[in-house]
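See structure below.
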Amino acid sequence: MNFPTTAQDIPGYDRDQVDALLARIKTQYQSPNRTLITSAMLAVVKFDLVPGGYQIPAVDDALARVADTFDEREIQARLAKEGRASLVGELTAMLNIIRPVLEKKPAESFSNQRNGYSQKLVKALFKQISVKRGEVSAPATYKLRTMSLGRSGSGFDRSQVDEFIGLLIGAIHRQRTLR
């Protein structure tokens with residue numbers, strides 16, 4: 001996969017690091033029984049920033065798509081191995097965490113943090129999410145992984161919001177698999 005690069009004076013992701021990860025992703029994709037990379041690993045991967053590196057949005061976009069694909073494959077494999085009841089139990093537990101967070105205002109669910117996520121953008125995201133009749137409705141998982149939540153001097157704790165979004169994505173994938 002070829003990513004556009006930044007100008008020599010603008011930081012981007014280290015090309016060697018990205019290329020090494022992509023090689024592992026390719027191997028994993030071609031051999032699904034191997035576990036070289038998981039969707040959880042892709043959610044937290046970090047690269048060094050170097051002048052003239054790969055453009056950050058292009059790499060993040062591609063990794064979000066791969067993470068969704070791997071997450072779905074992992075859940076399908078678990079469904080085949082463990083059965084439907086296991087996934088139903090997980091989905092129920094996830095919805096039991098998601099629902100109360102949504103019922104509160106984001107300010108009651110997340111701590112404030114210097115340089116946290118924009119409160120306005122997080123509140124706007126919450127307006128797009130609901131749980132009704134045991135089913136979550138939200139933007140597409142790809143959009144959730146790639147949406148910008150900005151930065152604010154007194155915003156919401158980034159790790160708490162990221163954890164919530166990760167839980168939401170997991171619930172959506174389980175819900176989709178169980179249909």
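Just so it is clear, none of the values below were taken in a lab; they were calculated from the coordinates. On a predicted model such as this, the values are computed, not experimentally measured, just so you know. Every residue, glycine among them, receives a Cβ derived from its backbone with ideal geometry; neighbour counts consider all protein chains shown.
Taken along its three principal axes, the alpha carbon spread of segment 5-58 comes to 42, 18, 15 Å, from the longest extent down to the shortest.
In this structure, residue 81 and residue 31 have a Cβ-Cβ separation that, at R0 = 22 Å, corresponds to a calculated FRET efficiency of about 0.80.
In the structure shown, the pairs 46/132; 26/127; 26/105; 26/120; 46/104; 26/46 are assessed against 30 Å; a Cα-Cα span above that value is assigned to 46/132; 26/127; 26/105; 26/120; 46/104. Here r is the Cβ-Cβ distance between residue 151 and residue 128 and R0 is 22 Å; the resulting FRET efficiency, rounded to 0.05, is 0.65. Per residue of the chain, the DSSP helices (runs of n ≥ 4 H) give a summed -39500 (n - 2.57) that works out to -19500 deg cm²/dmol at 222 nm. Both radii come from the Cα set of segment 15-135: Rg as radius of gyration, Rh as Kirkwood radius; their ratio Rg/Rh reads 1.04.
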